[in-house]
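Every read-out reported here was derived from the displayed coordinates using simple, explicitly stated rules and does not represent laboratory data. Everything numeric here is computed off the predicted structure, so don't read it as measured data. Here the Cβ positions follow ideal geometry from the backbone for every residue, glycine too, while neighbour counts run over all protein chains shown.
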Amino acid sequence: QKEVEQNSGPLSVPEGAIASLNCTYSDRGSQSFFWYRQYSGKSPELIMFIYSNGDKEDGRFTAQLNKASQYVSLLIRDSQPSDSATYLCAVLMNRDDKIIFGKGTRLHILP
Amino acid sequence: EPEVTQTPSHQVTQMGQEVILRCVPISNHLYFYWYRQILGQKVEFLVSFYNNEISEKSEIFDDQFSVERPDGSNFTLKIRSTKLEDSAMYFCASSTGLPGNTIYFGEGSWLTVV
């Protein structure tokens with residue numbers, strides 16, 4: 001069974017601090033990795049994708065990938081109350097043309 | 001910015017009725033998807049569609065479900081005989097299929113089966 005695992009949270013982080021969200025995946029051959037943000041009742045919104053080992057930065061967001069450990073993370077710097085949402089980790093499985101989502105981590109930024 | 005559009009945004013239907021959810025993917029995208037999300041649960045893959053045929057489907061996508069691309073722009077999901085447990089948000093998505101295969105989602109269609 002191909003799985004994407006996330007801690008469901010809630011993760012509470014003070015405003016201005018760094019929020020760290022983690023994800024592990026089971027399929028070692030997975031190719032691409034995505035972080036989506038989902039507000040309640042809304043559709044997933046793509047934040048970042050990464051497919052090479054290492055870090056990828058975009059504004060306040062940094063995605064980190066370690067294929068050997070089958071681990072991907074998202075760091076949010078200078079957290080804002082508007083960052084409060086559920087963050088979905090998604091993985092493009094090997095030889096598939098679909099992405100599989102984790103259950104998501106609820107992030108709550110404390111004003 | 002191009003976007004995936006879905007209609008209706010919300011539909012209430014009686015159990016046993018047929019429902020068609022409509023989607024217009026981003027125009028230069030080649031892969032199309034339907035996902036669903038039951039309230040409070042994870043986003044689940046239903047089906048992917050490429051080159052006018054289903055390329056992959058999940059165990060959720062049983063015989064009561066079908067997809068169609070009736071013209072060059074629309075992509076539809078039909079549920080033949082709805083059940084209470086079909087109540088969910090249904091998301092259409094599309095991608096180019098290029099490396100990275102970033103998938104963009106529509107706003108979703110809330111389906112309530114009563």
Just checking, does the range A:14-32 include any residue being at the interface with another protein chain (Cβ under 10 Å from one of its Cβ atoms) and within 28 Å of B:Ile38 (Cβ to Cβ)? yes
Any idea which of (1) over 22 Å from A:Phe33 (Cβ atoms); (2) part of a strand (DSSP E or B) is the one B:Ser81 doesn't satisfy? (2)
Which is closer than 28 Å to A:Arg106 by Cα, without any contact (Cβ under 8 Å) to a residue 24 or more places away in the chain and buried (at least 17 other Cβ atoms within 10 Å of the Cβ), of B:Ser94, B:Ser48? B:Ser48
Please enumerate the residues belonging to the range A:27-80 that are touching a Pro at 6+ places or on another chain (Cβ under 8 Å), in contact (Cβ under 8 Å) with a residue 60 or more places away in the chain and assigned to a loop (DSSP other than H, G, I, E, B). A:Ser79
Looking at this structure, is A:Leu88 surrounded by 13 or more Cβ atoms within 10 Å (Cβ to Cβ), touching an Asp or Glu at 6+ places or on another chain (Cβ under 9 Å), not hydroxyl-bearing (Ser, Thr, Tyr) and not in a loop (DSSP other than H, G, I, E, B)? no
Do the conditions hold for B:Ser73, that is, is it surrounded by fewer than 13 Cβ atoms within 10 Å (Cβ to Cβ) and either out of contact with any helix residue (DSSP H, G or I) (no Cβ under 7 Å at 6 or more places or on another chain) or away from every other protein chain (no Cβ under 12 Å) (or both)? yes
Condition first: assigned to a loop (DSSP other than H, G, I, E, B) and either within 11 Å of chain A (Cβ to nearest Cβ) or touching a residue at least 60 places away in the same chain (Cβ under 8 Å) (or both). Now tell me which residues in the range B:27-45 satisfy that. B:Asn28, B:His29, B:Leu30, B:Leu39, B:Gly40, B:Gln41, B:Lys42
Breaking point among (1) under 30 Å from B:His10 (Cα atoms); (2) among the hydroxyl-bearing types (Ser, Thr, Tyr); (3) in contact with a Gly (Cβ under 6 Å, 6 or more places away or on another chain), for A:Ser32: (1)
